[in-house]
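Student: If you scroll down you'll find the structure; I have some questions about it.
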Amino acid sequence: MSLRHHSPQDRRTALQADDILGFTPALPEPVADGMIENVIGTFELPLGVVPDFPVNGKTYNVPMAVEEPSVVAAAAHMGKIARAHGGFRAETTDPLMRAQVQILGLTAPGAARDVIMAAREELIAAANACDPVLVSLGGGCRDVEVHLFQVSPAGPMVVAHLIVDVRDAMGANTVNTMAERLAPRFEALTGGTVRLRILSNLADLRLARASVILPGDAFDPGVTRAIAEACALAIVDPYRAATHNKGIMNGIDPLVIATGNDWRAIESGAHAYAARSGRYVGLTTWEAGEDGVLTGQIELPMALGLVGGATGTHPQAQAALKLMGISSAADLAKVAAAVGLAQNLAALRALASEGIQKGHMALHARNIAILAGAHGADVDRVAKGLALSGAVTVEKAKELLGA
């Protein structure tokens, strides 16, 4: 469905979302006061939706909490193109998170590593005893890894990793609790001193992958080739890769925020994963075949949850999940990865053709019109005038507003 030229109320009606999103205010102050410290109010962002976004043969109404113009429109446009050609395919690995336990003061780090590995089954059992509910749901500690660092600014150290299946949770509290509870046992086993006991946001065992194949008639052949060539720069040049990946996160972050998940964890994991080879590269690949077929892929960590944290306490986050019809963290991760791929495609297509500013500034014109004092129907009138003039400035908006 096309929602672009409708009012917010008409869009909610079309999505049958009045009951789902009808919170006034969206975040009651008593709830906000319980979520963080020193609350003085709440801060709202526009909440948009990408309708009928196609992933694995289903369509999702994808909520996006974001302030930047063109993000929602770009994802919606690429979703529409993909939908006509089979949509996006996506998959996830098991929801495995890492807890790190840093052990210092070791005279024989190699021997400490061997002792820990010999006690692997005992440590797994002790970790699982920390969360019997998680175990009953099919999750729990799966493995123990040991990483040895002979040289560091703090001297030799051993870092044990607890590999934990956290099911539909993001998992931070679960893995942190396990690491802290097991710290005395690691000290007893190794004779060292435990310092850090905390999860890693480089969730390289909890990956989401998405792909799309677009036929030769989806874009002009020259644009298809230019998309692949633009992507090639992100593969070889970290300066381009940083902006390339920022564009991917333009799509993923608003969905993560709208669903009450930790966008900072998703950001840090994505950028660390982009540098896992020792060189920072783009998170997507786009290839243009001789027949004009364009193939795109993305792979990145996606530690999203449906239970716990703000997802469980924020009314609008719960409403966003209900709007999507999402029932598992894995499905949410699949949609997020596909949205990131779509956002990246939109940016590359714009860069490969008319440039990024034309569409962005046309949408930004509405912000400028409002800043100049436009209200109601004048917002669209002034924004259209700004776009036609090519001068998207407050001064020009004021001139148009007075016309």
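The values are calculated or read from the model by the stated rules, or taken from the named source; none is laboratory data. Since this is a predicted model, take the numbers as computed values, not measurements. Ideal geometry is used to build each Cβ from the backbone, glycine not excepted, and the neighbour counts take in all protein chains shown. All accessible areas refer to the heavy atoms of the entire protein, side chains included, with ligands and DNA or RNA removed. Shrake-Rupley method; radii C 1.70, N 1.55, O 1.52, S 1.80 Å.
Student: Taking segment 118-128, which residues are under 19 Å from LEU106 (Cβ atoms) and surrounded by fewer than 13 Cβ atoms within 10 Å (Cβ to Cβ)? Steps first, answer last, please.
Tutor: Here is the first cut: in segment 118-128, the ones under 19 Å from LEU106 (Cβ atoms) are 118-120, 123.
Hit for segment 118-128 is ALA118, nothing else.
Student: Okay, moving on. With the condition kept exactly as written, say whether any residue in segment 172-181 is touching a Phe, Trp or Tyr at 6+ places or on another chain (Cβ under 6 Å) and surrounded by 18 or more Cβ atoms within 10 Å (Cβ to Cβ). Please lay out each step first, then the result.
Tutor: Going through segment 172-181, the residues touching a Phe, Trp or Tyr at 6+ places or on another chain (Cβ under 6 Å) turn out to be none.
No: segment 172-181 contains no residue that is touching a Phe, Trp or Tyr at 6+ places or on another chain (Cβ under 6 Å) and surrounded by 18 or more Cβ atoms within 10 Å (Cβ to Cβ).
Student: Which residue out of ALA346, ALA350, ALA383, ALA374 is open to solvent by less than 20 Å² (accessible area, probe 1.4 Å), of a type in the set (A, V, I, L, M, F, W, C), modelled with pLDDT of 80 or more and more than 27 Å from the chain's Cα centre (by Cα)?
Tutor: Details: ALA346 fails: more than 27 Å from the chain's Cα centre (by Cα); ALA350 fails: more than 27 Å from the chain's Cα centre (by Cα); ALA383 fails: modelled with pLDDT of 80 or more.
Sole residue among the options that is open to solvent by less than 20 Å² (accessible area, probe 1.4 Å), of a type in the set (A, V, I, L, M, F, W, C), modelled with pLDDT of 80 or more and more than 27 Å from the chain's Cα centre (by Cα): ALA374.
Student: For segment 221-237: of the residues being charged (D, E, K, R) and in contact (Cβ under 8 Å) with a residue 60 or more places away in the chain, which is surrounded by the fewest Cβ atoms within 10 Å (Cβ to Cβ)? Quick ask: steps written out before the conclusion?
Tutor: Quick first cut of segment 221-237, residues charged (D, E, K, R) only: 225, 229, 237.
So of that shortlist, the ones also in contact (Cβ under 8 Å) with a residue 60 or more places away in the chain come out as 225, 229.
Details: ARG225: 15, GLU229: 13.
Among those residues, the one meeting the criterion is GLU229.
Student: May I pose another question? Identify, by number, the condition in (1) surrounded by 13 or more Cβ atoms within 10 Å (Cβ to Cβ); (2) within 29 Å of ALA365 (Cα to Cα) that GLU67 doesn't meet.
Tutor: (1)
Student: Something else: Filtering segment 268-318 down to residues that are in contact with a Phe, Trp or Tyr (Cβ under 9 Å, 6 or more places away or on another chain) and part of a helix (DSSP H, G or I), which residue is most open to solvent (accessible area, probe 1.4 Å)? Please lay out each step first, then the result.
Tutor: Pass one, segment 268-318, residues in contact with a Phe, Trp or Tyr (Cβ under 9 Å, 6 or more places away or on another chain): 271, 274, 283, 292, 294-297, 299-301, 315-316.
Then keep just the ones that are part of a helix (DSSP H, G or I); that gives 271, 274, 315-316.
Values: HIS271: 58, ALA274: 2, PRO315: 22, GLN316: 35 Å².
That would be HIS271.
Student: Kindly provide the set of residues from segment 327-343 that are within 19 Å of LEU300 (Cβ to Cβ) and either surrounded by fewer than 23 Cβ atoms within 10 Å (Cβ to Cβ) or touching a helix residue (DSSP H, G or I) at 6+ places or on another chain (Cβ under 8 Å) (or both), ordered by number. Show your work before the answer.
Tutor: First, the residues of segment 327-343 that are within 19 Å of LEU300 (Cβ to Cβ): 328-343.
If the condition is that a residue be within 19 Å of LEU300 (Cβ to Cβ) and either surrounded by fewer than 23 Cβ atoms within 10 Å (Cβ to Cβ) or touching a helix residue (DSSP H, G or I) at 6+ places or on another chain (Cβ under 8 Å) (or both), then SER328, ALA330, ASP331, LEU332, VAL335, ALA336, ALA337, VAL339, GLY340, LEU341, ALA342, GLN343 are the ones that fit.
Student: Among what's in segment 73-121 and is within 20 Å of ARG195 (Cα to Cα) and among the β-branched types (Val, Ile, Thr), pick the residue that is nearest to the chain's Cα centre (by Cα).
Tutor: Out of the qualifying residues, it is VAL101.
Student: Just to verify a result, which residue in segment 129-162, among those that are β-branched (Val, Ile, Thr) and out of contact with any Lys or Arg (no Cβ under 6 Å at 6 or more places or on another chain), is most open to solvent (accessible area, probe 1.4 Å)? Give the steps one after another, and end with the answer.
Tutor: As a first pass, look at segment 129-162 and keep what is β-branched (Val, Ile, Thr): 133, 135, 144, 146, 151, 158-159.
Right, trim to out of contact with any Lys or Arg (no Cβ under 6 Å at 6 or more places or on another chain) and you get 133, 135, 151, 159.
Numbers: VAL133: 96, VAL135: 64, VAL151: 133, VAL159: 12 Å².
The qualifying residue most open to solvent (accessible area, probe 1.4 Å) is VAL151.
Student: Would you be able to tell me the number of residues in segment 182-213 that are open to solvent by less than 10 Å² (accessible area, probe 1.4 Å) and under 30 Å from GLU290 (Cα atoms)?
Tutor: Going through segment 182-213 one residue at a time, the tally reaches 3.
Student: A follow-up question, please. On the given criteria, is ALA369 buried (at least 24 other Cβ atoms within 10 Å of the Cβ), at pLDDT 95 or above, assigned to a helix (DSSP H, G or I) and out of contact with any strand residue (DSSP E or B) (no Cβ under 9 Å at 6 or more places or on another chain)? Please lay out each step first, then the result.
Tutor: Numbers: buried (at least 24 other Cβ atoms within 10 Å of the Cβ): yes; at pLDDT 95 or above: no; assigned to a helix (DSSP H, G or I): yes; out of contact with any strand residue (DSSP E or B) (no Cβ under 9 Å at 6 or more places or on another chain): yes.
In short, no.
Student: Filter segment 70-104 down to the residues that are touching a Phe, Trp or Tyr at 6+ places or on another chain (Cβ under 9 Å) and of a type in the set (Val, Ile, Thr) and list them by number.
Tutor: Result: ILE81, VAL101, ILE103.
Student: Please pick out the residue among ARG197, ARG181, ARG185, ARG209 that is basic (Lys, Arg), over 22 Å from the mean Cα position of the chain (by Cα) and in a strand (DSSP E or B). Let's see the steps before the verdict.
Tutor: Details: ARG181 fails: in a strand (DSSP E or B); ARG185 fails: in a strand (DSSP E or B); ARG209 fails: over 22 Å from the mean Cα position of the chain (by Cα).
Step by step, each of ARG197, ARG181, ARG185, ARG209 is checked, and only ARG197 is basic (Lys, Arg), over 22 Å from the mean Cα position of the chain (by Cα) and in a strand (DSSP E or B).
Student: Scanning for something polar (S, T, N, Q), within 21 Å of the chain's Cα centre (by Cα) and open to solvent by 60 Å² or more (accessible area, probe 1.4 Å), does segment 39-62 turn up at least one residue? Full working, then the answer.
Tutor: Residues of segment 39-62 that are polar (S, T, N, Q), as a first pass: 42, 56, 59, 61.
Checking the rest, the ones that are also within 21 Å of the chain's Cα centre (by Cα) come to 56, 59, 61.
Filter once more, so that each one left must be open to solvent by 60 Å² or more (accessible area, probe 1.4 Å): 59.
Looking through segment 39-62, at least one residue is polar (S, T, N, Q), within 21 Å of the chain's Cα centre (by Cα) and open to solvent by 60 Å² or more (accessible area, probe 1.4 Å).
Student: Can you spot a residue in segment 240-261 that is at pLDDT 95 or above, over 23 Å from the mean Cα position of the chain (by Cα) and not β-branched (Val, Ile, Thr)?
Tutor: Within segment 240-261 (the criterion being at pLDDT 95 or above, over 23 Å from the mean Cα position of the chain (by Cα) and not β-branched (Val, Ile, Thr)), the answer is no, since none of the residues qualifies.
Student: Of the conditions (1) modelled with pLDDT under 95; (2) open to solvent by 60 Å² or more (accessible area, probe 1.4 Å); (3) of a type outside the set (A, V, I, L, M), GLY216 clears all except one; give me its number.
Tutor: Every condition holds for GLY216 apart from (2).
Student: Within segment 142-151, how many residues are in a strand (DSSP E or B) and either over 16 Å from ALA125 (Cα atoms) or touching a His at 6+ places or on another chain (Cβ under 6 Å) (or both)?
Tutor: Going residue by residue through segment 142-151, those that are in a strand (DSSP E or B) are 142-149.
Narrowing the set further to residues that are either over 16 Å from ALA125 (Cα atoms) or touching a His at 6+ places or on another chain (Cβ under 6 Å) (or both) leaves 145-149.
Within segment 142-151, residues that are in a strand (DSSP E or B) and either over 16 Å from ALA125 (Cα atoms) or touching a His at 6+ places or on another chain (Cβ under 6 Å) (or both) number 5.
Student: Sticking with this one: Is it true that some residue in segment 238-258 is assigned to a loop (DSSP other than H, G, I, E, B), touching a Pro at 6+ places or on another chain (Cβ under 8 Å) and surrounded by 21 or more Cβ atoms within 10 Å (Cβ to Cβ)?
Tutor: Initial filter on segment 238-258 (assigned to a loop (DSSP other than H, G, I, E, B)): none.
There is no residue in segment 238-258 that is assigned to a loop (DSSP other than H, G, I, E, B), touching a Pro at 6+ places or on another chain (Cβ under 8 Å) and surrounded by 21 or more Cβ atoms within 10 Å (Cβ to Cβ).
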